[in-house]
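K.L.:
Below you will find the structure I want to go over with you.
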Amino acid sequence: MLVSIQKSIAFIQAEVAKLEQEIKDHVDHDPDLKNDLDLLTSIPAVGERTGMLMLGLLRSHEFNKASQAAAYVGLVPVQHQSGSSVRGRSSISKAGSAKVRAGLYMAAVVAIKHNPHIKAMYERLLLNGKSKMAGVCAAMRKLVHLCYGVLKHQMPYQANYVTELA
């Protein structure tokens, strides 16, 4: 029985690896997809896996604004209220794909350490009394906005973008 289960697990793992390689080959052979993936991975903390995740999301749906993409993923704040009374703290909506949010969570944790824009935003939120998890959720939302921006403008991430405009 145990040997049969181990064989099944090994087979499934091999199939997953095969599918991942086919996806990678497809992206490598399509110049537009490859360019978009390169743009996404120019963002500090967005690696190949998160880039593929965001590429799939942003290329499969038509969003007019980055906030629409964040709402689709379920990263918008929701207040718990009835009438005029507000009960408890606000939380994220969690309306979208849990898999996308899970991928963004790990990228946000890395971004808090290595992406200057997200690190500054996270520290500012903590100083204003927000919880660490609220800061991580804000970092996830910011990553969605950055991913949307680099694809929309077809320009790689620039750490000093705001100072260049001034």
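The values are calculated or read from the model by the stated rules, or taken from the named source; none is laboratory data. Please read these numbers as outputs of a predicted model, since none were measured by experiment. Backbone-built Cβ (ideal geometry, glycine too); neighbour counts: all protein chains shown.
K.L.:
One residue is enough: does the stretch 75-82 have a residue meeting the conditions at pLDDT below 90, surrounded by 15 or more Cβ atoms within 10 Å (Cβ to Cβ), closer than 24 Å to Leu33 by Cβ and β-branched (Val, Ile, Thr)?
P.N.:
Within the stretch 75-82, none of the residues are at pLDDT below 90, surrounded by 15 or more Cβ atoms within 10 Å (Cβ to Cβ), closer than 24 Å to Leu33 by Cβ and β-branched (Val, Ile, Thr).
K.L.:
Yes or no: the stretch 22-42 includes at least one residue that is among the aliphatic types (A, V, I, L, M), within 11 Å of the chain's Cα centre (by Cα), closer than 21 Å to Val150 by Cβ and modelled with pLDDT of 90 or more. It would help to see each step written out before you state the result.
P.N.:
So in the stretch 22-42, the residues among the aliphatic types (A, V, I, L, M) come out as 23, 27, 33, 37, 39-40.
Pick out the ones that are also within 11 Å of the chain's Cα centre (by Cα) and you get 40.
Okay, now just the ones that are also closer than 21 Å to Val150 by Cβ, so 40.
Keeping just the survivors that are modelled with pLDDT of 90 or more gives 40.
The answer is yes; a qualifying residue exists.
K.L.:
Looking only at the stretch 1-45, count every residue that is among the basic types (Lys, Arg) and surrounded by fewer than 12 Cβ atoms within 10 Å (Cβ to Cβ) and tell me the total. Don't jump to the end; show me each part of the working.
P.N.:
Quick first cut of the stretch 1-45, residues among the basic types (Lys, Arg) only: 7, 18, 24, 34.
Applying the additional criterion that residues be surrounded by fewer than 12 Cβ atoms within 10 Å (Cβ to Cβ) yields 7, 18.
Residues that pass the stated criteria total 2.
K.L.:
Another question, then. Could you go through the stretch 15-36 and let me know if any residue there is within 25 Å of Ile118 (Cβ to Cβ) and small (Gly, Ala, Ser). Reasoning before the result, please.
P.N.:
The initial filter retains those residues of the stretch 15-36 that are within 25 Å of Ile118 (Cβ to Cβ), namely 35-36.
From the residues that got through so far, the ones that are small (Gly, Ala, Ser) too are none.
No.
K.L.:
Look at the stretch 128-156 and say how many of its residues are of a type outside the set (A, V, I, L, M, F, W, C) and either crowded, with 19+ Cβ neighbours inside 10 Å or under 14 Å from the mean Cα position of the chain (by Cα) (or both). Even if it seems obvious, please write down each step before you answer.
P.N.:
Filtering the stretch 128-156 for residues of a type outside the set (A, V, I, L, M, F, W, C) gives 128-132, 135, 141-142, 145, 148-149, 152-154, 156.
Still in the running and either crowded, with 19+ Cβ neighbours inside 10 Å or under 14 Å from the mean Cα position of the chain (by Cα) (or both): 135, 141-142, 145, 148-149.
The number of residues fulfilling the criteria is 6.
K.L.:
If you don't mind, another one. Within the stretch 98-127, track down each residue that is β-branched (Val, Ile, Thr) and crowded, with 16+ Cβ neighbours inside 10 Å.
P.N.:
Of everything in the stretch 98-127, those that are β-branched (Val, Ile, Thr) and crowded, with 16+ Cβ neighbours inside 10 Å turn out to be Val100, Val110, Ile112, Ile118.
K.L.:
Between a first residue in the stretch 141-157 that is hydroxyl-bearing (Ser, Thr, Tyr) and a second residue that is in a helix (DSSP H, G or I), which pairs have beta carbons less than 8 Å apart while being 6 or more apart in sequence or on different chains?
P.N.:
Going by the 8 Å Cβ cut-off, the qualifying pairs are Tyr148/Leu58; Tyr148/Ala66; Tyr148/Ala69; Tyr157/Leu39; Tyr157/Leu146; Tyr157/Val150.
K.L.:
Specify which of the listed residues (Leu37, Leu58, Leu19) is touching a residue at least 24 places away in the same chain (Cβ under 8 Å), out of contact with any strand residue (DSSP E or B) (no Cβ under 6 Å at 6 or more places or on another chain) and assigned to a helix (DSSP H, G or I). Break it down stepwise before answering.
P.N.:
Numbers: Leu37 fails: touching a residue at least 24 places away in the same chain (Cβ under 8 Å); Leu19 fails: touching a residue at least 24 places away in the same chain (Cβ under 8 Å).
Unique residue meeting the criteria: Leu58.
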